[in-house]
Amino acid sequence: MVESNFYLGFVEQALTGGHDPLFPPISISLNGSLAKWRNQLQFIDLRVNDPSLTEFRTEFINSLQKAQDLGIEVIITFPESTIVVYPSPPSNESKPSSPHFRKTRTIPSSEKAVVSFLPCYLAVPRAASDSFSYHTLTVDECLPILEIAHSMGVRKAIVPVSAPGRFLDPQTCKEFSSRFKILDRAAKEKGVSLHLRTGGLPPELYRRLHKETNCSLAFDVGAAYLENVDITRFYETEREQVPILILHQVLPGIDRSDIRRDLIEKTIKDYVKIYAEYSANQATLSNKEQDNSIGNLLSAYRAYLDARNNPHMNLGLFQNGALNLVPLLRLLQQDLEKGREKFLIINSVPNVKNSAFLLKYLSRDSLSGVL
């Protein structure tokens, strides 16, 4: 009988004060405590949206400590976005004179933050028309994250390469390779293995880095679907170099994702402009004008909330049926029967039905061990 080396994990992405570039947030802390989900997982993918840990160092350490106390392994994902938090609308205590305005300004406290997410990677594709809106992640910004993770016993780390469909150009590949190799050396010194996450990853770049560093892949199945990759064929070819798989449902296409991102950016720009006007003019406005000014601000705020809401992703792993995982799971089951170690990350709002679905295809009489 072969011992199954099959580990199931959830994503903790809303680490940074509850902020998450996807909404509703992917979080086992916000949707029930880690203790509540303890029997449904063996590890978590702890995603850090805070380069250098300048804002949320304490939250990062606390999350690692809590997982350690519960005996849950942690895989960290280095930052792929950094946040900018803008002033929120006026609090409910300062009520304007208009009865109508009082009625329309009820806002749940959990929705107060206005946050912009700036994508950041070790190298930014020059072909991206909006490359100016990216932040180039430096190795120095990764080292504090690596240091703390190592001190808490983390053994694996995922390095995002790019967004789905935004492949690195040759010059950017050189930049990425240079930075990645420095980070890889630092990680190896601490006993941490790095795994390149697919999505904008040119195959030739991975082959070269694998040869030079012996790194492996974190196969993002949803990103592969968006990039029109034959998922089962890719896994069959690279299965020995894919210890980590990320499973989630995806938008119908990259265009939907880009539309949502553009709309969020537009509503944030509108909100920031209107907030500046509101702040500058309050002292000189009449009560009626103040009501109108705050009304405009809240309209801009609600437009931001509407744009941020995401009805397409992360509601559950297998709900919309856009991605058929069964052929891939059958290949995984073959690998498990051979004793290969696999980490499966569920990239969605936690749902116990997901683990039941995976067990249906991955658990066999020939396998022992606990999922």
Among the residues in the stretch 35-47, are any at pLDDT 80 or above, open to solvent by 10 Å² or more (accessible area, probe 1.4 Å) and under 17 Å from Ile158 (Cβ atoms)?
yes
Restricting attention to the stretch 155-174, report how many residues are open to solvent by 10 Å² or more (accessible area, probe 1.4 Å) and within 19 Å of Leu344 (Cα to Cα).
2
Quick check: is even one residue across the stretch 53-69 buried (at least 17 other Cβ atoms within 10 Å of the Cβ) and in a strand (DSSP E or B)?
no
Can you name the residue in the stretch 104-151 that is open to solvent by 40 Å² or more (accessible area, probe 1.4 Å) and of a type in the set (A, V, I, L, M) and is also modelled with the highest pLDDT among such residues?
Leu143
Hey, among the residues in the stretch 335-364 that are at pLDDT 85 or above, open to solvent by 60 Å² or more (accessible area, probe 1.4 Å) and part of a loop (DSSP other than H, G, I, E, B), which one's farthest from Ser216 (Cα to Cα)?
Lys338
Qualifying positions in the stretch 78-93 - of a type outside the set (Gly, Ala, Ser) and at pLDDT 85 or above:
Phe78, Pro79, Glu80, Thr82, Ile83, Val84, Val85, Tyr86, Pro87, Pro89
Suppose the filter is within 11 Å of the chain's Cα centre (by Cα) and either within 22 Å of Lys156 (Cβ to Cβ) or touching a residue at least 24 places away in the same chain (Cβ under 8 Å) (or both); does Asp50 pass it?
no
Which residue is nearest to the chain's Cα centre (by Cα), if the candidates are limited to the stretch 4-26 and must be closer than 20 Å to Lys156 by Cβ and modelled with pLDDT under 85?
Ile26
Could you please find all residues in the stretch 160-183 being among the hydrophobic types (A, V, I, L, M, F, W, C), farther than 12 Å from Leu205 by Cβ and at pLDDT 95 or above?
Ile182, Leu183
Residues of the stretch 276-293 satisfying the condition of being over 36 Å from the mean Cα position of the chain (by Cα), free of Cβ contacts under 8 Å to residues at least 40 places away in the same chain and surrounded by 13 or more Cβ atoms within 10 Å (Cβ to Cβ):
Gln282, Leu285, Asn292
Odd one out for Leu367 among (1) at pLDDT below 80; (2) crowded, with 17+ Cβ neighbours inside 10 Å; (3) under 30 Å from Phe117 (Cα atoms)
(3)
Filter result (part of a loop (DSSP other than H, G, I, E, B) and open to solvent by 10 Å² or more (accessible area, probe 1.4 Å)) within the stretch 16-33
Gly17, Gly18, His19, Pro21, Leu22, Phe23, Pro24, Pro25, Ser29, Asn31, Ser33
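The values are calculated or read from the model by the stated rules, or taken from the named source; none is laboratory data. What you see is a predicted model; the values in this text were computed from it and never measured. All Cβ positions, glycine included, derive from the backbone under ideal geometry; neighbour counts span all protein chains shown. Protein only, heavy atoms only, side chains kept; ligands, DNA and RNA dropped before computing areas. Shrake-Rupley method; radii C 1.70, N 1.55, O 1.52, S 1.80 Å.
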